[in-house]
Amino acid sequence: MNHRLGPEEAKIYEEGVRQYREVKRLLQRMEVLSRRALERQAHLAHG
C-alpha cells in the first residue's frame, strides 16, 4: 500500500495494529494452555 496516511488515518491504523498484536498474543497463550491441558488429560487417562 503506497498511500500516505493522514494523521487521523495513521491513528486508526496504529490502533488496529495494536489490537491485532494483542489478539494474536492472546491466541498464542490460549494455544499453549490448551496444548498443556490436552497433554495433562492424556497423561491422566494413561495413568
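The values are calculated or read from the model by the stated rules, or taken from the named source; none is laboratory data. For clarity, every value in this text was computed on a predicted model and none was experimentally measured. Backbone-built Cβ (ideal geometry, glycine too); neighbour counts: all protein chains shown.
Would you confirm whether any residue within region 5-22 is surrounded by 10 or more Cβ atoms within 10 Å (Cβ to Cβ), touching a helix residue (DSSP H, G or I) at 6+ places or on another chain (Cβ under 9 Å) and either assigned to a helix (DSSP H, G or I) or modelled with pLDDT under 95 (or both)? Yes, region 5-22 contains a residue that is surrounded by 10 or more Cβ atoms within 10 Å (Cβ to Cβ), touching a helix residue (DSSP H, G or I) at 6+ places or on another chain (Cβ under 9 Å) and either assigned to a helix (DSSP H, G or I) or modelled with pLDDT under 95 (or both).
Quick check on my filter: what residues within region 33-47 are surrounded by fewer than 10 Cβ atoms within 10 Å (Cβ to Cβ) and either in contact with a helix residue (DSSP H, G or I) (Cβ under 7 Å, 6 or more places away or on another chain) or part of a helix (DSSP H, G or I) (or both)? Step through it out loud before you land on a result.
Quick first cut of region 33-47, residues surrounded by fewer than 10 Cβ atoms within 10 Å (Cβ to Cβ) only: 43-47.
Residues satisfying the conditions are His43, Leu44, Ala45, His46.
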